[in-house]
Amino acid sequence: MRDDLKISDQVKLYNSGVEDILSQLEDEFFDVCLTSPPYYDLEIYSKEESQSTQKYKSYEAWLNGFIEPIIEYVCSHVVHYSCWSVKNFKTDKKYNLLDDVIEIHNEFGWKLVKEYKISNGSDHTYVFSP
């Protein structure tokens with residue numbers, strides 16, 4: 001995407017699990033953070049050790065040990081916007097990730113400012129700002 005937009009010189013990509021890299025980014029500040037959160041145990045692609053279900057045995061443990069630290073970092077190191085892509089069909093039955101993401105942002109002083117609906121109708125991107 002960065003090559004197609006011809007912004008490669010303006011974008012840093014990190015190819016690592018976020019929980020493994022946050023401590024390396026303490027002195028870094030960003031204009032935007034765009035993330036599409038995993039859905040804990042709703043999309044399991046393998047039994048590899050890197051899967052959320054291997055490290056976190058419950059949705060609550062995953063939310064507190066994985067998602068909340070990401071949002072806390074974003075709210076303290078992103079200058080303008082945090083954008084989360086949350087698919088509504090992934091939040092309505094087993095747990096409500098969207099409400100949890102909104103609540104955690106609110107705890108750190110960020111508010112939901114915009115919702116973008118994707119053309120297929122079930123995907124949405126939510127933008128938060130301080």
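Values quoted throughout were computed directly from the atomic coordinates according to the rules given, and no laboratory measurement underlies them. The model shown is predicted, which means the values in this text are computed figures rather than measured ones. As a convention, Cβ positions derive from the backbone with ideal geometry for all residues, glycine included, and neighbour counts pool all protein chains shown.
Protection proxy ranking for 66-73, 101-108, 22-29, 52-59, using the average of other Cβ atoms within 10 Å per residue and placing the highest first: 66-73, 101-108, 52-59, 22-29. Length gained on full extension, residue 106 to residue 77, computed as 0.36 nm times the residue gap minus the Cα-Cα distance: 8.9 nm. Note on residue 26 and residue 61: their simple-model spin labels are 2.7 nm apart, each label 7 Å out from Cα toward Cβ.
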